[in-house]
Amino acid sequence: MYTFSYTAVNDMGRRMRGEIMADNELDLETRLKEIGLDLVSCRETKEKKSSFFSKVKLKDMIIFCLHMEQLLRAGVPLHEALADARDSSDSPKMKDILSSVYESVKGGMVLSAAMSQHPTVFDDVFVGLITAGEKTGKMYESFNNLIEHMKWTNDLRRKVRKAMAYPITLTFVLTGVITILMLFVVPKLIAFITSQGFDIPVHTRALIAFSGFMGDYWYIVLFGPLVFFSVVALIYRTSNAFAYWVDSVMLRVPVIGPTIRKINLARFTHFFGVMYNSGIDFLDALVAARKVVGNRVLGEAVLLVHCSVTEGNNLTDSIRISSQFPNLVVRMFKIGEDSGNLREALDNINFFYNREVNDAVDGVVGLIQPALTIVMGGLIFWVIAAVFGPLYQTFSKMDF
């Protein structure tokens, strides 16, 4: 089928424009007749082709799952729901992938197997939830759980990005101010001071040395940190031992470490709850939830919980052994296990972590902003003291 952009008139003689799917122009005219429109003109709309580097955004995944959940809940057959989701998607990449999934399902393949052919879009966790829905016969619940998880993940990302936007902007501004001062302003002021033969104190000599270094090696100062962090990031991706060491160090950094811990544990408990509520086996839910933990130290702790549960220990004791979860969370798990209502306990834990993450992110931002302001103020004070200090001392010795 093709997408046509058309102009038509209704029974009142009013012109109407829109887009509709049809096999050809004759089919288009027939479809418009069915809704009381007479075709005037039309043209085929060329769809955007996805490139090799294009990616499916999280927003597109949420819209897809929402579309599937609503249609399947309404009793629409699976292949028809896939066709509707494909046609309504705004992402060319998503259209291509859903076309492939649709053809596979239409050919007799189950949805989870068809999705597993596209691991870059539908990961093991996504496919696992769909598999659970196929087993229970309530696939719309699996899509609903995926919607809740992806919305939560999207909200968390947006919250962190929004919180870090101001500190990052201020850092760039601070870097620009330092560069301008040291390359253009300070050298002229220092040249004037030295030409007058003033006594130069230590902090002024330090400013002269720093300004000279910036002038001679500005490319190292500006691009050195970028190169350093790029190299660290590359080694982090290629060396597990180095990545584990970095993750362990980050957890010990004051203020930032506790925030990283809370965000990762919030991801784990939230996704574990999604998997468990979807009917996935307890141990399989632990394995799947471990994949969303970005910090390797905490991921190893979750693996320890899984091994302990496999050996026959209960979940509460296993979590306590890992020593990574707060006592309040451990107690909530214990209440859920003792009462046999672990689902409600997981909801309470997620509520707890949502508050903790909000407070932790706000705390980090509240610390970074004044710290950067103090650095900028200290820099400006240093320049003023180094430049005007010798001038003041000279003027104070003059006898008028």
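The values are calculated or read from the model by the stated rules, or taken from the named source; none is laboratory data. Keep in mind that this is a model prediction, so the values were computed, not measured. Counting neighbours? That spans all protein chains shown, and the Cβs are built from the backbone with ideal geometry, glycine included.
Can you find a residue that is more than 30 Å from M139 (Cα to Cα), in contact (Cβ under 8 Å) with a residue 40 or more places away in the chain and of a type in the set (S, T, N, Q) anywhere in segment 266-285?
no
Out of the residues in segment 351-380 that are over 24 Å from the mean Cα position of the chain (by Cα) and hydrophobic (A, V, I, L, M, F, W, C), which is farthest from L181 (Cα to Cα)?
Looking at the filtered set, the residue picked out is A371.
Just give me the residues in segment 294-350 being part of a loop (DSSP other than H, G, I, E, B) and under 30 Å from the mean Cα position of the chain (by Cα), in sequence order.
Of everything in segment 294-350, those that are part of a loop (DSSP other than H, G, I, E, B) and under 30 Å from the mean Cα position of the chain (by Cα) turn out to be G294, N295, S323, Q324, F325, P326.
Mind checking which residues of segment 271-289 are in a helix (DSSP H, G or I) and touching an Asp or Glu at 6+ places or on another chain (Cβ under 9 Å)?
G273, V274, M275, N277, A288
Return the residues of segment 24-35 that are farther than 11 Å from Y6 by Cα and surrounded by 12 or more Cβ atoms within 10 Å (Cβ to Cβ); say none if nothing qualifies.
N24, D27, T30, R31, K33
Here is a check on your reading of the model: is V56 under 16 Å from L146 (Cα atoms), at pLDDT below 85 and within 32 Å of the chain's Cα centre (by Cα)?
yes
Residues being free of Cβ contacts under 8 Å to residues at least 40 places away in the same chain and surrounded by fewer than 20 Cβ atoms within 10 Å (Cβ to Cβ): count how many of those fall in segment 90-101.
3
Please work out which one of (1) modelled with pLDDT of 80 or more; (2) more than 22 Å from R296 (Cα to Cα) is the condition F242 fails and give its number.
Every condition holds for F242 apart from (2).
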